[in-house]
Each structure stands twice: as C-alpha cells, then as structure tokens.
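K.L.:
Quick one: this structure, given as structure tokens, is what I'll be asking you about.
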Amino acid sequence: MEKQKKRQEPKQTQEPREGEHEGLGKPEKRSKRSRLSEYIVSIVVNLILLFVFNNLLKWHVPFLTRDFVVPLTILNISITATIAANLVFIFYDPAWFLAGIRAILNIIGAIFVYILYTTFPFDFSSLASEGLVTILVRVVLILGLVGTVVGTVVELTKFIRAIAKI
C-alpha cells in the first residue's frame, strides 16, 4: 500500500479586522475595547504609584534614606512618560508605534534601576540580617536591570519588524 501524501496548499494571509494590529507577524487578538481598558488602567495605576513614591519619605519609611530623592527624579520622569504614552495609545496604537514607545520607556526604566542601584538609598541596619537583605536587594536590582534591557531588545526587534512591514 502506498501512502498518500497530503497536498499542502499555500497559506493565505488574512487581512486584520478592525481593531487588530498588523505588522508583527500576527494580528493583535485583543479588541479595541480591551486595549483601551488596558491603557486606562495603566494610567490610573501609574498615577497612584506617582503619589505613593513621592510620599514615601514623608511617611518615614524606615529603610529609605534621604538619598531616595536622587532616583525619585528619574522615577517621576519614567512614570510621567508612561502615563503620557498610554494617553497617546488611547488614540493611536499601531504595533510599530507601541513597540517603539515601549522601547523608549524601557530605556528610561533601565536608567532608573541603574541609578537606584548606584545610589542605593536603603538602610537595612535595623534588621538582624542586614547583610543578606542588602545583597538580595542588589541582586533583585541587577536582575531587574537585565530584564529591562532584554525587554528593550525585544521591543526594538518588534519595532524594526513592524517598520519593515509598513
């Protein structure tokens, strides 16, 4: 008995429906309403974070030193830029634009983590395991920086691929 070979038909590409992103290989499957909700929630959460981070020193968080004002400046820039980006995304969110802006936001985030690491505005001397906590926080900051750099490379790759398809 001879095996029958299945004849493979060439795949037909389907045009993305309204509300779907194009330009990254696959259309975005989330609806316009879902994306709008994501942008609005992001704005609200970032406004809350802006308030919290700017009041940590006033609330006398025991492990923060006055040096926290140095990374706080770049953190405020990062959060404000994220809020602004999400406001723009509500009205304009093609895939190439999202990826490009997210790459820029990641770069700002990486700068914040680097400044936080170098300034290290933490004082864990009140803890019995001060040395271990300090090491753990530094390791988490390094991992955060590496993750942010990787995320930036991913977003830049998405951006380049999307631009190439325009």
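The values are calculated or read from the model by the stated rules, or taken from the named source; none is laboratory data. All figures in this text were calculated on a predicted structure; none of them were measured in a lab. So basically every Cβ, Gly included, is an ideal-geometry build from the backbone, and we count neighbours across all protein chains shown. All accessible areas refer to the heavy atoms of the entire protein, side chains included, with ligands and DNA or RNA removed. Shrake-Rupley method; radii C 1.70, N 1.55, O 1.52, S 1.80 Å.
K.L.:
Residue pairs, Cβ under 7 Å, 6 or more apart or interchain, first in the stretch 117-129 and more than 15 Å from V69 (Cβ to Cβ) and hydroxyl-bearing (S, T, Y), second open to solvent by 40 Å² or more (accessible area, probe 1.4 Å) and part of a loop (DSSP other than H, G, I, E, B). List them.
P.N.:
Note: pairs meeting the criteria are S126/P62.
K.L.:
Given the criteria part of a helix (DSSP H, G or I), small (G, A, S) and open to solvent by 40 Å² or more (accessible area, probe 1.4 Å), does G151 qualify? Steps first, please.
P.N.:
Values: part of a helix (DSSP H, G or I): yes; small (G, A, S): yes; open to solvent by 40 Å² or more (accessible area, probe 1.4 Å): no.
In short, no.
K.L.:
Which residues, taken from the stretch 51-68, are open to solvent by 40 Å² or more (accessible area, probe 1.4 Å) and free of Cβ contacts under 8 Å to residues at least 40 places away in the same chain?
P.N.:
F51, V52, F53, N54, K58, W59, H60 - these are the residues of the stretch 51-68 that are open to solvent by 40 Å² or more (accessible area, probe 1.4 Å) and free of Cβ contacts under 8 Å to residues at least 40 places away in the same chain.
K.L.:
Any residue at all in the stretch 118-138 that is under 16 Å from the mean Cα position of the chain (by Cα), crowded, with 17+ Cβ neighbours inside 10 Å and at pLDDT 95 or above?
P.N.:
Step one: of the stretch 118-138, the residues under 16 Å from the mean Cα position of the chain (by Cα) are none.
Within the stretch 118-138 (the criterion being under 16 Å from the mean Cα position of the chain (by Cα), crowded, with 17+ Cβ neighbours inside 10 Å and at pLDDT 95 or above), the answer is no, since none of the residues qualifies.
K.L.:
While we're looking at this one, here's another question. Looking at the stretch 77-113, which of the residues that are in a helix (DSSP H, G or I) and free of Cβ contacts under 8 Å to residues at least 12 places away in the same chain is surrounded by the fewest Cβ atoms within 10 Å (Cβ to Cβ)? Working first, answer last.
P.N.:
Applying the first criterion (in a helix (DSSP H, G or I)) to the stretch 77-113 yields 77-91, 95-113.
With free of Cβ contacts under 8 Å to residues at least 12 places away in the same chain added as a condition, the list becomes 84, 91, 97.
Values: A84: 14, F91: 8, F97: 18.
Only one residue tops the list, namely F91.
K.L.:
Which condition number in (1) at pLDDT below 95; (2) surrounded by 14 or more Cβ atoms within 10 Å (Cβ to Cβ) is the one that L72 fails?
P.N.:
Evaluating L72 over (1) at pLDDT below 95; (2) surrounded by 14 or more Cβ atoms within 10 Å (Cβ to Cβ) leaves (1) as the failure.
K.L.:
Further, regarding this structure: Only one of these conditions is not met by S34: (1) at pLDDT below 95; (2) polar (S, T, N, Q); (3) open to solvent by 70 Å² or more (accessible area, probe 1.4 Å); (4) assigned to a helix (DSSP H, G or I). Which number is it?
P.N.:
With respect to (1) at pLDDT below 95; (2) polar (S, T, N, Q); (3) open to solvent by 70 Å² or more (accessible area, probe 1.4 Å); (4) assigned to a helix (DSSP H, G or I), S34 is out only on (3).
K.L.:
Yes or no: Y92 under 20 Å from I40 (Cα atoms) and hydroxyl-bearing (S, T, Y)?
P.N.:
So Y92 passes the test.
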